[in-house]
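See structure below.
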Amino acid sequence: MALTKIVTNAITDDAVTAGKIADGTIVAADLAANSVDSSELVNGSIDLAHMSVNSIDSDQYVDGSIDTAHYAAGSVDTTALGADSVTAAKIADDVVNSEHYAAGSIDNEHIADDAIDSEHYADGSIDNAHIADDAIDSEHYAAGSIDLEHMSSQSVDEDNLYISNAGSDGQYLQKQSGNNGGLTWAAVTDAAITAINNPTANELVTVGSTTTELDAESLLTFTGTVLTLGVGTSVINSGTWSPGTVSTGKALVLGI
């Protein structure tokens, strides 16, 4: 009679080798807990079908093994980013807009030199506190913008007047529309007397029709002691005033 069964007590320890086990005869029920480790696994034999949900943790990843091919679209949010990990090289051109800035987050450190132009200033935002000393020059004034209200007392002197010449002490400022600035320093000149009209001895003179001529007055004479006004005989009595009757055609005589 052929032998078909061997009871366990008939088998010595370590007597059953791999060669004694038929292919495919060992199932999960035959495996003790924690009996299969990495040495029993064939390389590449564990695929997605063999992994349970949530069975892969960070401990199972080789450092640097997760690249962009392994990220699901939209899976990287702010919690996955390390501090200061997003550099300028990681940001596409023209993708950062005002909605991405935190209020008050743009300070002087983040503004490039020469980046602020007139279009960036709010109307009326530049006041005295924002203007450096000696920064405003003539090129910044609008034509005609400096009026009396903006000039301090005694701020306009000779240097600030547009005068055609340098001038010197004793001269006066003269209007000369044909000269630069319309103003010229000029010397005071006395008009020379060029003529005395109709002169006769002892006649006094008056200014003539021009400032350079004098007219001798025939009805106004002075001898050194007697002043005669008009015509007629002199009325004088030992140096005493004695006009007598003054009428038309009579002389008024003052004597001493």
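Looking only at residues in the range 30-49 that are among the aliphatic types (A, V, I, L, M) and assigned to a loop (DSSP other than H, G, I, E, B), the one that is nearest to the chain's Cα centre (by Cα) is Ile46.
Residues in the range 122-165 that are exposed (fewer than 10 other Cβ atoms within 10 Å of the Cβ) and in contact with a helix residue (DSSP H, G or I) (Cβ under 7 Å, 6 or more places away or on another chain): Tyr162 only.
Mind listing just one residue for me: the one in the range 171-205 that is surrounded by fewer than 10 Cβ atoms within 10 Å (Cβ to Cβ) and modelled with pLDDT of 90 or more and, of those, nearest to Ala216 (Cα to Cα)? In this case the residue turns out to be Thr200.
Okay, residues lined up against (1) among the polar types (S, T, N, Q); (2) outside the structural domain of Leu173 (by TED's automatic domain parsing); (3) farther than 30 Å from Gln171 by Cβ:
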site	(1), (2), (3)
Ser118	yes, yes, yes
Ile126	no, yes, yes
Ala132	no, yes, yes
Ile136	no, yes, yes
Gln154	yes, yes, no
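Taking the range 69-97 as the range and being over 18 Å from His110 (Cβ atoms) and in a helix (DSSP H, G or I) as the test, the residues that pass are Ala69, His70, Thr78, Thr79, Ala80.
The values are calculated or read from the model by the stated rules, or taken from the named source; none is laboratory data. All of these numbers come straight from a predicted model, not from anything done at the bench. Counting neighbours? That spans all protein chains shown, and the Cβs are built from the backbone with ideal geometry, glycine included.
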